[in-house]
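The numbers here are math on the coordinates, done by the rules we state, and not lab data. Values in this document were obtained by computation on a predicted structure and should not be read as measured data. When we count neighbours, we look across all protein chains shown, and the Cβ atoms used for this are built from the backbone with ideal geometry, even at glycine.
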Amino acid sequence: MRLEGIHHVTCITGDAPGNVEFYAGLLGLRLVKKSVNQDDPTVYHLFYADEQGSAGSDMTFFEYPGARPGRAGAGMVYRVTWRVAAPDALDFWAERLGAAGVESERDGDRLLFRDPEGLELELAVVATNDAPLIADHPEIPAAVALQGFDSVHAYAAEPDASREFLEGGLDFRVVGPDTLESRGEERGSLYSYDRADARGIQGAGTVHHVAWASPMDEHEAWRQRALEAGANPTPVIDRFYFRSIYFREPSGVLFEIATIGPGFAVDEPADHLGERLSLPPNYEHLREQLEPVLTPLPNPRP
């Protein structure tokens, strides 16, 4: 069994309209699902991805309106990196971000910047055989578009314990002193960490958890693997669009293992993903209560 790299990365925002403008408008991702946090349905869960809503491209946000800024620290992912195809893509993005007032810093084949709430983001030129996961956007040519996740970077208080757990328990492969790879038959992603002891503060502009992708028929087995490796995984939770288990790796970073499928087209046509509030069946009875309290959002594809 091998996990298929990153499934999704979930973060926190205090400003859903601004979040839509940045990730769907400026970065060109597709808003593929407008739903609610299933543990707190009074707040949004927004999903941005490629055109099909593929695992491996899915950046998601819980909105807590007006949430105070957070600060990444030990036990938290602090940077999310997407792949791009070539160095000229970084030229395009440096110019596009700059025109929107977003500062960026070029370091060889990497471009570092932050979203409006301070979340650290990066684009990297990466040679890979993985299929590019691209969204359509009228202002962004496919040749320079974001192509799916390359990696996440975390602060770790116990890097040796984390490495042992990831390598021995989850079958990650060590590819550098502080970097491991999760690679399956179709895709792979990197997990890198820096030593840090100071705990962070969860809030707007921080990562809540990172999810790793599992084929549906291996999901229960991955729960057992995590348990045997010393984690304390939750039971399998049916999120309707995928199934999930959650646990913390030894340095405290919240991990999810999420299934590839059923997918976002189970309750709305693929051509119209993200256009309306989607509620899993056991939340549908709350629609009349939820729609008035959720923040009105701009339509990224008018």
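Below are the figures for this structure:
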| read-out | value |
| --- | --- |
| Tail weight of P(r) past 19 Å, computed on alpha-carbon pairs of the range 161-232, percent | 45 percent |
| Extended-chain gain in nm, criterion 0.36 nm per residue less alpha-carbon gap, LEU286 and GLU220 | 20.7 nm |
| Helical segments meeting 15 Å axial Cα length and Kyte-Doolittle 1.6 threshold in the chain (DSSP H) | none |
| Magnitude of the charge dipole, the chain, Cβ model with Lys/Arg +1 and Asp/Glu -1, debye to 20 | 400 debye |
| Antiparallel bridges, percent of DSSP beta bridges restricted to the range 43-177 (to nearest 5) | 75 percent |
| Residue order, fewest to most beta carbons within 10 Å, for TYR283, TYR64, TYR23 | TYR283, TYR64, TYR23 |
| Per-residue ³J(HN,Hα) for the range 104-112, Karplus 6.51 cos²θ - 1.76 cosθ + 1.60, θ = phi - 60°, Hz, x for Gly and Pro | 9, 10, 8, 9, x, 8, 9, 10, 9 |
| Within the range 149-191, backbone nitrogen closer than 11 Å to the virtual label 7 Å beyond the Cα of GLU228 toward Cβ | 169-170 |
| Whole-Hz ³J(HN,Hα) from phi, Karplus 6.51 cos²θ - 1.76 cosθ + 1.60, for the range 288-302, glycine and proline x | 5, 7, 7, 4, x, 9, 7, 5, x, 10, x, 8, x, 10, x |
| Helical contribution to [θ] at 222 nm, DSSP H n ≥ 4, -39,500 (n - 2.57), averaged over the chain, rounded to 500 | -4000 deg cm²/dmol |
| Percent of beta bridges antiparallel (DSSP, the chain, rounded to nearest 5) | 65 percent |
| Whole-Hz ³J(HN,Hα) from phi, Karplus 6.51 cos²θ - 1.76 cosθ + 1.60, for the range 256-266, glycine and proline x | 10, 10, 10, 7, 7, x, x, x, 7, 8, 6 |
| Pairwise Cα inverse-distance average, inverted: Kirkwood Rh of the chain (Å) | 19.4 Å |
| Alpha-carbon gyration tensor eigenvalues x 5, square-rooted, for the range 43-163, Å | 24, 18, 17 |
| Kirkwood hydrodynamic radius (C-alpha pairs) into Stokes-Einstein, the range 40-109, 25 °C and 0.890 mPa s, D in µm²/s | 160 µm²/s |
